[in-house]
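For reference, the structure is listed below as structure tokens.
The values are calculated or read from the model by the stated rules, or taken from the named source; none is laboratory data. Computed from a predicted structure; not experimentally measured. We place every Cβ from the backbone using ideal geometry, glycine too, and count neighbours over all the protein chains shown.
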Amino acid sequence: MLARRLPGILPPLSFTESLEVTRIHSVAGLLKNRGSLVRDRPFRSPHHSASGPSLVGGGSFPRPGEISLSHRGVLFLDELTEFKRDVLEFLRQPLEDGYVTISRTKLSVMFPAQFTLVASTNPCPCGYYGDTIQQCTCSPRQREQYWAKLSGPLMDRIDLQVAVNRLKPEEITQQPTGETSISVRERVQQASDRAITRFQGEANLRCNAHMQSRHLQKWCKLDDASRSLLEVAIRKLGLSARASDRILKVGRTIADLAGEDELKTNHVAEAIQYRTIDRMQ
């Protein structure tokens, strides 16, 4: 449910983005109204039995796969650990580069693939590891094999790793009213506008996720306290250089949501807290 709500809080597609999405869906033969632009951000949710070609695209005459069909939108992989490991490894290059290249004997095709990956999985085979009510029946070895399906390089590329605990009985029965998607979307739009303003003059850079090392040095400068905190996290959690860069990108986004121009210690600390799986290892 949370994953399906995500497109509703993202900023609307720009005209250029809408053209990109429409072209991909046209090539795939998925346009519902010919001649009309796709205005909504895509949401794709392939089954865990999906093959590599269905995910990245393929065929004698290459067609876009799920990752390209979710370009500028959301790709949701439910039961992530049920996907074949070799299929998941296909995600690594598109997540890093924002496109996928499909080569055949007579031609090579490049499809855009700038998508937001959202995935969910149980904490263990039985689903109750860490639960406050039901006791887990899995052995440490079973849990280790379960998580071994997800490679370190793939997990490095997942910025937010959050444990979602069981709801309390009163939370289920009382059904408290939360924020509407519209109000959340306004905050996201404000943060996005801050980033767009900041990146004026930088070609093909419109959001924090696409920052490279030189951008991090310019817009994610750390004071002594923040640098010390990040160094401790890298040492204790065994984080890679890629994971630490992604912490800075998330921290920059947290600062934008808070309306802050400078990256502060509390922003870095919150970004580190989102590396739940790293902290579980």
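Before we move on, is Arg41 touching a strand residue (DSSP E or B) at 6+ places or on another chain (Cβ under 8 Å) and within 18 Å of Phe90 (Cβ to Cβ)?
Details: touching a strand residue (DSSP E or B) at 6+ places or on another chain (Cβ under 8 Å): yes; within 18 Å of Phe90 (Cβ to Cβ): no.
No; evaluated as a whole, the condition is false for this residue.
Looking at this structure, is Ser103 touching a Ser or Thr at 6+ places or on another chain (Cβ under 8 Å), closer than 19 Å to Glu66 by Cα, surrounded by fewer than 15 Cβ atoms within 10 Å (Cβ to Cβ) and in the same structural domain as Asp78 (by TED's automatic domain parsing)? Give the steps one after another, and end with the answer.
Working: touching a Ser or Thr at 6+ places or on another chain (Cβ under 8 Å): no; closer than 19 Å to Glu66 by Cα: yes; surrounded by fewer than 15 Cβ atoms within 10 Å (Cβ to Cβ): yes; in the same structural domain as Asp78 (by TED's automatic domain parsing): yes.
In short, no.
Within segment 53-92, the set of residues being among the polar types (S, T, N, Q) and under 25 Å from Tyr146 (Cβ atoms) comprises Ser54, Thr81.
What residue, of Ser181, Ser213, is touching a residue at least 40 places away in the same chain (Cβ under 8 Å) and among the polar types (S, T, N, Q)? None of the other options fit; the residue is Ser181. Restricting segment 2-53 to residues that are β-branched (Val, Ile, Thr) and without any contact (Cβ under 8 Å) to a residue 24 or more places away in the chain, the residue that is nearest to Phe83 (Cα to Cα) is Thr22. Of the residues making up segment 85-113, those that are in contact with a helix residue (DSSP H, G or I) (Cβ under 8 Å, 6 or more places away or on another chain) and not aliphatic (A, V, I, L, M) are Asp86, Glu89, Phe90, Arg92, Pro94, Gly98, Phe111, Pro112. Across segment 55-77, the qualifying residues are those that are in a loop (DSSP other than H, G, I, E, B) and touching a Pro at 6+ places or on another chain (Cβ under 9 Å), and the one among them that is surrounded by the fewest Cβ atoms within 10 Å (Cβ to Cβ) is Gly59. Leu95 meets each of the listed conditions (1) out of contact with any Leu (no Cβ under 9 Å at 6 or more places or on another chain); (2) at pLDDT 90 or above apart from (1).
I'm checking my understanding of the structure. Among residues of segment 1-33 that are under 22 Å from the mean Cα position of the chain (by Cα) and outside any helix (DSSP H, G or I), which one is surrounded by the most Cβ atoms within 10 Å (Cβ to Cβ)? For segment 1-33, the residue satisfying everything is Leu13. Report whether or not Gln161 is modelled with pLDDT of 95 or more and surrounded by 10 or more Cβ atoms within 10 Å (Cβ to Cβ). No: the conditions fail for Gln161.
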